[in-house]
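*Asks:* First, the structure itself, so that you have it in front of you.
Here, each number is a calculation from the coordinates, and none is a lab measurement. These numbers were taken from a predicted model, which means no experiment stands behind them. Neighbour counts are summed over all protein chains in view; Cβ atoms, including those assigned to glycine, are modelled from backbone coordinates with ideal geometry.
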Amino acid sequence: MERESFEDEEVAAVLNEHFVAIKVDREERPDIDHIYMSVCQALTGEGGWPLTILLTASQEPFFAGTYFPKHSRYGRTGLLDLLQKVAGQWDEKRDQVLASGSQIAAQMKPYLEQSTSGEVSEGLAHDAANRLLDTFDTEYGGFGNSPKFPTPHELMFLLRYATRFERPDLREIVVRTLTGMMHGGIYDHVGFGFSRYSTDRQWLVPHFEKMLYDNALLTIALVEAYQVTHDDTFAKRAREVLTYVLRDMTSDDGGFYCAEDADSEGVEGKFYVWTPTEVKDVLGAEAGERVCRWFGIDEKGNFEGHSIPNTIGKNLFVFAAAEGLSEAEWCEELERSRQKLFDVREKRVHPHKDDKVLCAWNGLMIAALSIAGRVLGSSEYTDAASRAVSFVRTSLVDREGHLLARVRNGQSAHSGTLDDYAFLILGLTELYETTFDLDYLRFAVRLQSDMRRRFWDEAAGGFYLVANDAEQLLARPKEVYDGALPSGNSVAAYNLIRLSRLTGDIMWAEMAGRVLTAFAGDVAHYPAGYTFYLMALLLATGPGQELVLAGWSDDEATKHALATVAKRFLPEAVVLFHDEMIPSRVWEEISPFSKDQAVVGGQVTLYVCENYACQAPTHDIVSALERLIGNTDL
């Protein structure tokens with residue numbers, strides 16, 4: 001529509017004569033997008049982008065649709081015809097148009113603002129797990145046929161469910177799905193990072209757009225899979241994704257950019273594909289032919305006459321042996337070749353980079369970097385997460401201390417939505433559990449308090465998408481569906497439980513319970529569509545473990561103990577570090593229940609608590625973790 005109509009002088013003339021044309025960046029204004037997408041779905045039975053809405057000056061919609069060609073064709077109304085017809089009705093039957101808009105607005109407002117409460121039970125998680133199992137693609141991984149979306153929170157939920165209910169079959173679903181994506185063309189084998197989705201069942205041909213949030217959530221899923229399986233392949237891919245993010249998607253100030261487009265020079269995927277001749281020109285005949293065999297690059301091609309590098313059906317050890325090489329030799333040669341291809345590819349015309357920085361998506365990447373830094377023992381990742389938090393505080397907090405939604409070229413704008421708060425709080429709590437810097441926990445608590453004051457629905461429970469002092473729109477929507485991105489309410493419930501256990505403040509847990517109850521009726525219709533909500537549900541209904549490790553931040557034994565805890569997948573636990581170098585009054589302020597859980601006998605000491613009741617302190621960290629998780633492989 002942009003090329004056909006919005007950049008067309010004939011269409012522009014009609015628009016400018018009769019309408020006020022507004023183009024909305026739905027990533028900057030998810031509140032506007034959510035409201036009018038719901039209108040479109042209600043009026044037409046379908047939705048999608050581009051989203052086209054006609055509304056009155058009072059924000060009341062009277063027409064909705066998606067794509068319109070410039071001229072009518074094949075039974076589809078053209079935009080010019082539509083605009084001219086509506087302009088005529090506005091001149092001749094304005095009262096009817098206004099009445100229609102008012103009626104639609106009146107019907108939509110309660111629908112957008114309500115939620116359906118219900119019983120919070122583990123049965124919702126059982127239902128979701130079984131539905132995902134039923135739709136699992138046993139050959140290539142993922143769910144359903146095509147197109148296939150990564151939806152990492154589905155995998156994160158399944159790992160937690162498999163751990164809670166001892167379901168190795170569901171853990172294997174996660175392993176096979178991540179493995180399928182890592183081998184497919186949805187993964188950029190030359191420059192790293194995941195594309196938005198796969199157009200086919202095999203994960204071979206992607207829509208080449210790369211989104212920050214996909215790569216953040218997939219990093220978390222990869223690191224958690226590594227924790228569960230101890231398979232270094234998952235750790236390696238997670239490091240590669242973060243290499244891409246820190247290299248290509250990070251501003252000089254430490255914030256993270258939104259996305260890279262799918263096309264360059266007007267051709268989708270042109271930047272990413274290769275021919276055998278191009279590869280051999282870079283690597284030489286022998287090495288080039290071997291790399292082409294590995295990446296499936298041939299004369300026929302797998303994408304419009306060119307080849308998307310992939311390793312579907314390939315095994316590193318088997319391939320190396322067939323080439324007369326050891327696995328180590330092939331890995332070294334492959335990395336040298338990949339780097340050469342990357343250097344040449346860098347000289348191509350790059351896809352456009354959306355260099356706005358969104359608070360919400362940065363929160364997810366802060367969480368991913370924090371988890372990776374903790375589990376993989378990388379100070380580089382932890383430092384990047386800390387730097388991003390500093391950037392947010394400098395650029396995305398207004399004079400009243402409220403979050404803003406985005407910044408670009410030094411200009412910040414738009415009142416922060418629920419997602420901005422919830423996702424950033426997630427990042428801050430993960431960064432606390434990596435650095436144990438109490439300032440991050442304080443910041444998280446301050447934002448959670450602000451969120452309660454400005455977004456909370458005291459009557460029905462749950463959070464509105466927009467604050468009570470934000471721009472007044474048609475409605476204040478409430479949402480819990482976990483689509484490509486998890487919903488703010490799902491993440492908020494998860495955060496509230498964790499904050500309650502980190503601080504000992506039961507108020508946060510009670511609020512989490514109200515969030516879960518407020519939407520349980522909605523979730524019951526199709527639990528598999530609410531997997532981050534179900535992560536919060538499992539956390540709420542689990543044993544509620546708190547681990548307090550007491551020691552000294554500059555002590556090697558303490559550092560080793562913290563690293564031992566970090567390696568394990570403990571989805572139902574929060575970890576506090578009682579640093580003996582911090583005065584007790586500080587603990588009294590931020591986490592009173594842990595202030596007395598100090599070092600015993602001059603040695604690093606671990607307290608294992610469940611539901612705020614603690615066992616006797618121990619110096620045997622490994623044995624305590626064995627009892628906690630039932631796994632002696634430490």
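*Asks:* Based on alpha-carbon centroids, what's the gap between the stretch 218-233 and the stretch 599-614 in Å, whole number please?
*Replies:* Measuring centre to centre over Cα atoms gives 28 Å.
*Asks:* Between Arg26 and Asp231, 0.36 nm times their residue separation minus their Cα-Cα distance comes to what?
*Replies:* Value of the extension gain: 70.0 nm.
*Asks:* Let me ask something else. Nearest 20 debye, what's the magnitude of the dipole of the chain about its Cα centre given +1 on Lys and Arg Cβ and -1 on Asp and Glu Cβ?
*Replies:* Rounded to the nearest 20 debye, it is 440 debye.
*Asks:* Straight-line reach from Lys347: which lysines fall under 27 Å, measuring Cα to Cα and dropping same-chain residues less than 8 apart?
*Replies:* In chain and number order, the partners are Lys210, Lys236, Lys270, Lys280, Lys300, Lys356.
*Asks:* Here's something else I'd like to know. Looking at the stretch 258-312, which GluC sites (Glu not before Pro) are in a loop (DSSP not H, G, I, E or B) and have at most 14 other Cβ atoms within 10 Å?
*Replies:* Hits after loop and neighbour filter: Glu265, Glu299, Glu304.
*Asks:* With r as the distance between the Cβ atoms of His525 and Gln339 and R0 = 51 Å, compute the FRET efficiency 1/(1 + (r/R0)^6) and round to 0.05.
*Replies:* E(calc), rounded to 0.05, equals 0.55.
*Asks:* Here's something else I'd like to know. For the residues Arg452, Arg446, what sequence is obtained by ranking on other C-beta atoms within 10 Å, fewest first?
*Replies:* Arg446, Arg452
*Asks:* Next question, about the same structure. Determine the sum of side-chain charges near Leu341: Lys and Arg each +1, Asp and Glu each -1, restricted to other residues whose C-beta is under 12 angstrom from that of Leu341.
*Replies:* So the surrounding residues net to +1.
*Asks:* Still on this structure: Could you list Ser490, Ser395, Ser117, Ser623 in order of exposure, starting from the residue whose Cβ has the fewest other Cβ atoms within 10 Å?
*Replies:* Final ranking by Cβ density, sparse to dense: Ser623, Ser117, Ser395, Ser490.
*Asks:* Considering only Trp49, Leu358, Ser553, whose Cα is most displaced toward the positive end of the charge dipole of the chain, charges sitting on Cβ of Lys, Arg (+1) and Asp, Glu (-1)?
*Replies:* Result: Trp49.
*Asks:* Given the DSSP H assignment, sum -39500 (n - 2.57) over each helix run of at least 4 residues in the chain and divide by its residue total; what's the result at 222 nm in deg cm²/dmol, nearest 500?
*Replies:* About -16500 deg cm²/dmol.
*Asks:* Under a Cβ-Cβ cut-off of 12 Å, what is the net charge of the residues other than Leu426 that fall near it, where Lys and Arg count +1 and Asp and Glu count -1?
*Replies:* That works out to -3.
*Asks:* Give me the dipole magnitude in Debye, nearest 20, for the stretch 382-509 about the Cα centre, with unit charges on the beta carbon: positive for Lys and Arg, negative for Asp and Glu.
*Replies:* 140
*Asks:* A further question on this structure: Are there GluC sites (Glu not before Pro) in the stretch 1-65 that DSSP marks as loop and that have at most 15 other Cβ atoms within 10 Å, and which are they?
*Replies:* Counting only loop positions with at most 15 other Cβ atoms within 10 Å, the GluC sites (Glu not before Pro) in the stretch 1-65 are Glu7, Glu46.
*Asks:* Considering only Asn302, Gly324, Phe342, whose Cα is most displaced toward the positive end of the charge dipole of the stretch 272-347, charges sitting on Cβ of Lys, Arg (+1) and Asp, Glu (-1)?
*Replies:* Of the candidates, Asn302 comes out farthest on the positive side.
*Asks:* Also, I was wondering about something else. Once fully extended, how much extra length lies between Ser146 and Ser390, figured as 0.36 nm per residue of separation less the alpha-carbon to alpha-carbon distance?
*Replies:* Using 0.36 nm per residue and subtracting the Cα-Cα distance, I get 83.8 nm.
*Asks:* I'd like the GluC sites (Glu not before Pro) in the stretch 346-426 restricted to DSSP loop residues with at most 13 other Cβ atoms within 10 Å, sorted by number.
*Replies:* Within the stretch 346-426, the qualifying GluC sites (Glu not before Pro) (loop, at most 13 other Cβ atoms within 10 Å) are Glu346, Glu400.
*Asks:* Sketch the reach of a paramagnetic label on Arg399 as a point 7 Å from Cα along Cα-to-Cβ, and name the residues of the stretch 414-432 whose backbone nitrogen lies under 13 Å away.
*Replies:* Nothing falls inside the zone, counting backbone N under 13 Å.
*Asks:* Next up: Rounded to the nearest 0.05, what FRET efficiency is calculated for Ala563 and Ser121 with R0 set to 45 Å and r the Cβ-Cβ distance?
*Replies:* 0.75
*Asks:* Could you give me the ³J(HN,Hα) list for the stretch 342-356, computed from phi with Karplus coefficients 6.51, -1.76, 1.60 and θ = phi - 60°, whole Hz, x at Gly and Pro?
*Replies:* 4, 4, 6, 4, 4, 7, 6, 5, 7, x, 5, 9, 7, 9, 6
*Asks:* Now, a different point. Note the full-extension length gain between Glu471 and Glu2 as 0.36 nm times their separation in residues minus their Cα-Cα distance, in nm to one decimal.
*Replies:* Separation in residues times 0.36 nm, less the Cα-Cα distance, equals 166.1 nm.
*Asks:* Still on this structure, I have one more. Placing +1 at every Lys and Arg Cβ and -1 at every Asp and Glu Cβ, with all other atoms neutral, what dipole size does the stretch 272-347 have around its Cα centre, in debye to the nearest 20?
*Replies:* In debye, rounded to 20, the stretch 272-347 gives about 160.
*Asks:* While we're looking at this one, here's another question. Could you please rank Trp274, Trp49, Trp90, placing first whichever residue has the fewest other Cβ atoms within 10 Å of its Cβ?
*Replies:* Taking fewest neighbouring Cβ atoms as first place, the list is Trp49, Trp90, Trp274.
*Asks:* Using a Förster distance of 56 Å, how high is the FRET efficiency between Ala459 and Arg348, based on the Cβ-Cβ distance and rounded to 0.05?
*Replies:* Rounded to the nearest 0.05, the efficiency is 0.50.
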